[in-house]
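First comes the structure, then the notes that go with it.
Readers should treat all values here as calculations from the given coordinates under stated rules, not as data from a laboratory. The structure displayed is predicted, hence computed values, not measured ones. Because the Cβ atoms are built from the backbone with ideal geometry, glycine has one as well, and the counts that use them run over all protein chains shown.
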Amino acid sequence: MNIDDSGSSNTKDSSRYYVLSGTIIHESDYKDIKQDVFNYKLKHFKDDYIDAEIHVHELYKSQPPFSSVLLDEKYKQLDDLYELISSLPITIISIAKLIFEILHDKWNIFNTAWSILFQRFDSFLQNTDSSSKGKIRIDRSTKEQHKKITEIIETLQKDLVAAHKINHVICEPFFVNSEVSEAIQISDAVSYCTLKHMTGFEKFEKYWNLIESKHYKHSGQIDSYGLNIFPNARTINNFVK
């Protein structure tokens, strides 16, 4: 599972959501996916940003290195990117955390989001093939985050509550430079699209519709499996009371 995020887990920031997205890829498919992403870049990336990595926020906002991309070309790039993602042999799990000031003292937004993501990944592995072990690859971040994320996994592996314990995930996550990881760049596109979907941003709804089918499902439903929104309205109401 290759992970990237959008928004902020800090309640003092302006972002209303913190979204974590994990793209699950079988090792046997990685080479083909890498080639597909390379072909996409070969078609679209040129001139000032020929060596750029996929960053949908910067592309959509026309920020460096995509400042020179014209409007029509920008949307063509986004159209083709999400069409590509919808065709890849991947499974997506996303955690969308609503940032609510009243919940700040009740939950550690960062820890809760990452814990839920790892638990859902473990559930996916268990339901797919109980003999499989999952590796976690994360966009390189601060040393503090490295430590926190590793500690979260270790805690989940030792948790005495059976419903929380994970058994199918290798403990030590790999922190990689997203510039050399096509899978992390795909997760960037997924997390940003999920963030826009959660905020009801109309321009990205067609992209959400393209990638929705790639989410982890149970009985045909992605809610609480491939897309986990937390806290829900019931939880918030309990705290408001």
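Near the amide H of Arg137, under 5 Å away, which other amide H atoms are found, from residues 5 or more places off or on another chain, if H is placed in the peptide plane?
For Arg137, the qualifying residues are Asn2, Ile3, Phe174.
Is it possible to state the helix-based mean residue ellipticity at 222 nm for the chain, with each DSSP H run of 4+ residues giving -39500 (n - 2.57), the sum divided by total residues, to the nearest 500 deg cm²/dmol? What is it?
The helix contribution divided over the chain gives -14500 deg cm²/dmol.
Ranked by Cβ crowding within 10 angstrom, fewest neighbours first, how are Ser21, Ser6 ordered?
Listed from fewest to most nearby Cβ atoms, that is Ser6, Ser21.
Fewest to most neighbouring Cβ within 10 Å: what's the order for Val190, Val69?
Val69, Val190
Sticking with the crude label model, points 7 Å out along Cα→Cβ, report the distance from Phe174 to Lys61 in nm, one decimal please.
For Phe174 paired with Lys61, the spin-label model returns 3.0 nm.
Check the straight Cα-Cα distances from Lys165 and name the lysines below 20 Å, setting aside those fewer than 8 residues away within the same chain.
Lys133, Lys135, Lys147, Lys148
Assign one of three labels to the range 162-229, namely rounded, prolate or oblate, based on the Cα gyration tensor with a ≥ b ≥ c the square roots of its eigenvalues; rounded applies when a/c is under 1.5, prolate when it is not and a/b is larger than b/c, and oblate otherwise.
In terms of gyration-tensor shape, oblate.
Of the DSSP beta bridges with both residues in the range 2-240, give the percent that are antiparallel, rounding to the nearest 5.
Looking only at bridges with both residues in the range 2-240, the antiparallel portion is about 55 percent.
Could you check the simple spin-label distance between Asn209 and Lys143, using points 7 Å along Cα→Cβ, in nm with one decimal?
4.9 nm
For the range 1-85, just the Cα set please: Rg and Dmax, both in angstrom.
Answer for the range 1-85, Rg first and Dmax second: 14.8, 42 Å.
Could you work out the Kirkwood radius for the chain, taking every pair of different alpha carbons, averaging 1/r and inverting it, reported in Å?
18.6 Å
Which residues does a label at Leu70 reach in the range 21-47, if reach means a backbone N under 16 Å from a point 7 Å past the Cα toward the Cβ?
Flagged as within label range: 44-47.
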